[in-house]
Amino acid sequence: DTGVSQDPRHKITKRGQNVTFRCDPISEHNRLYWYRQTLGQGPEFLTYFQNEAQLEKSRLLSDRFSAERPKGSFSTLEIQRTEQGDSAMYLCASSPPRASFNEQFFGPGTRLTVL
Amino acid sequence: GENVEQHPSTLSVQEGDSAVIKCTYSDSASNYFPWYKQELGKRPQLIIDIRSNVGEKKDQRIAVTLNKTAKHFSLHITETQPEDSAVYFCAASPFSNTGKLIFGQGTTLQVKP
């Protein structure tokens, strides 16, 4: 499968624990996005990377959230001191270089449940 | 702020009928408008998109129209089939260097055989 992959697919954790998710974008896609989707809603933008640089963060991304893309390939999203309100599907998307416009291709997501 | 409104929230049609989903956006500088189809438990799949310099685009049974003046765009599905049943999301990309997408709330389309 040459699409966007995410790991793990499901994560159940207790309130207060830290969790980390990984996203592997499509090869040669230098643009990477994280979104959060709650039940019955559309995805909400969290943050954007171009290569290894984090160029935009949503105000939804509290100081408990941190994302990295150290080598400009895979990315990680960490949530510290999880809260029940963090329960959601976390989606990663990647996009080819600007010349190919803005098509974003989504991964299968990581479903987080905070007990 | 940036916002996309999508209607209706649910839509039920008979197989073979047409379906229309409408979206409005707030940022007049938005320049890219994709539509995604999401089946239960699956990832959103890009089905069609349109850029601000085009008024209409068609791909087989699906088409999208854009009215920049009204800040309004629509998805049209003709000759619907049961496999078209899914949640459809519209999105708009506000003018920025990032290409982030602002999504609508989604429309659950049910096509009855």
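No value in this document is a laboratory result; all are computed from the given coordinates. What you see is a predicted model; the values in this text were computed from it and never measured. Note that each Cβ is placed from the backbone with ideal geometry, even for glycine, and that neighbours are counted across all protein chains shown.
For segment B:1-83, give the magnitude of the charge dipole about the Cα centre (Cβ charges: +1 Lys/Arg, -1 Asp/Glu; no others), in debye to the nearest 20.
The dipole of segment B:1-83 has a size of about 240 debye.
May I ask you to evaluate 6.51 cos²θ - 1.76 cosθ + 1.60, the Karplus curve with θ = phi - 60°, for each residue of segment B:25-38 and list the ³J(HN,Hα) values in order in whole Hz, giving x for glycine and proline?
Coupling constants for segment B:25-38: 10, 9, 7, 5, 8, 4, 10, 8, 9, x, 10, 10, 10, 10 Hz.
Which chymotrypsin sites (Phe, Trp or Tyr not before Pro) in segment B:16-99 sit in a loop by DSSP (not H, G, I, E or B) and have at most 14 other Cβ atoms within 10 Å of their own Cβ?
Within segment B:16-99, the qualifying chymotrypsin sites (Phe, Trp or Tyr not before Pro) (loop, at most 14 other Cβ atoms within 10 Å) are B:Phe95.
Quick one: longest stretch of chain A between exposed loop trypsin sites (Lys or Arg not before Pro), exposed meaning at most 13 other C-beta atoms within 10 Å and loop per DSSP?
Looking at chain A, A:16-58 is the longest stretch - no exposed trypsin sites (Lys or Arg not before Pro) with at most 13 other Cβ atoms within 10 Å.
Please report, in debye to the nearest 20, how large the charge dipole of segment A:11-92 is about its Cα centre when each Lys and Arg carries +1 at its beta carbon and each Asp and Glu carries -1 there.
That gives segment A:11-92 a dipole magnitude of about 240 debye.
Would you mind getting me the FRET efficiency between A:Asn18 and B:Gln110? Use the beta-carbon distance for r and R0 = 25 Å, nearest 0.05.
0.05
List the GluC sites (Glu not before Pro) within segment B:32-96 that DSSP assigns to loop and that have no more than 15 neighbouring Cβ atoms inside 10 Å.
Passing both the DSSP loop test and the Cβ count: B:Glu39, B:Glu79.
With only alpha-carbon atoms in the gyration tensor, what are the semi-axes of the equivalent ellipsoid for chain B, in Å, largest first?
Equivalent-ellipsoid dimensions as semi-axes: 24, 14, 12 Å.
Using a cut-off of 10 Å between beta-carbons, work out the net charge of the residues near B:Thr24 (Lys and Arg +1, Asp and Glu -1, B:Thr24 not included).
Residues close to B:Thr24 contribute a combined charge of +1.
Quick query: amide H of B:Gln110 versus all other amide H atoms, modeled in the peptide plane; which residues come in under 5 Å with a sequence gap of 5 or more or a different chain?
Counting only residues 5 or more places away or on other chains, the set is B:Leu11, B:Ser12, B:Val13.
Report the calculated FRET efficiency for B:Asn67 and B:Ser9 (r = Cβ-Cβ distance, R0 = 25 Å), to the nearest 0.05.
So the FRET efficiency works out to roughly 0.70.
For A:Thr47, which sequence-distant residues (separation of 5 or more, or a different chain) have an amide H within less than 5 Å of its own amide H, given hydrogens modelled in the peptide plane?
A:Trp34, A:Ser58
Identify the residues of segment B:1-43 with backbone N under 13 Å of a label point that sits 7 angstrom from the Cα of A:His10 along the Cα-to-Cβ direction, or state none.
B:41
Scan segment A:15-86 for chymotrypsin sites (Phe, Trp or Tyr not before Pro) in coil per DSSP, keeping those whose Cβ has at most 13 other Cβ atoms within 10 Å, and list them by number.
For chymotrypsin sites (Phe, Trp or Tyr not before Pro) across segment A:15-86 that sit outside H, G, I, E and B with at most 13 neighbouring Cβ atoms in 10 Å, the list is empty.
Along the Cα-to-Cβ line of B:Lys42, 7 Å from the Cα, sits a label point; which residues in segment B:98-113 have backbone N less than 20 Å from it?
B:104-113
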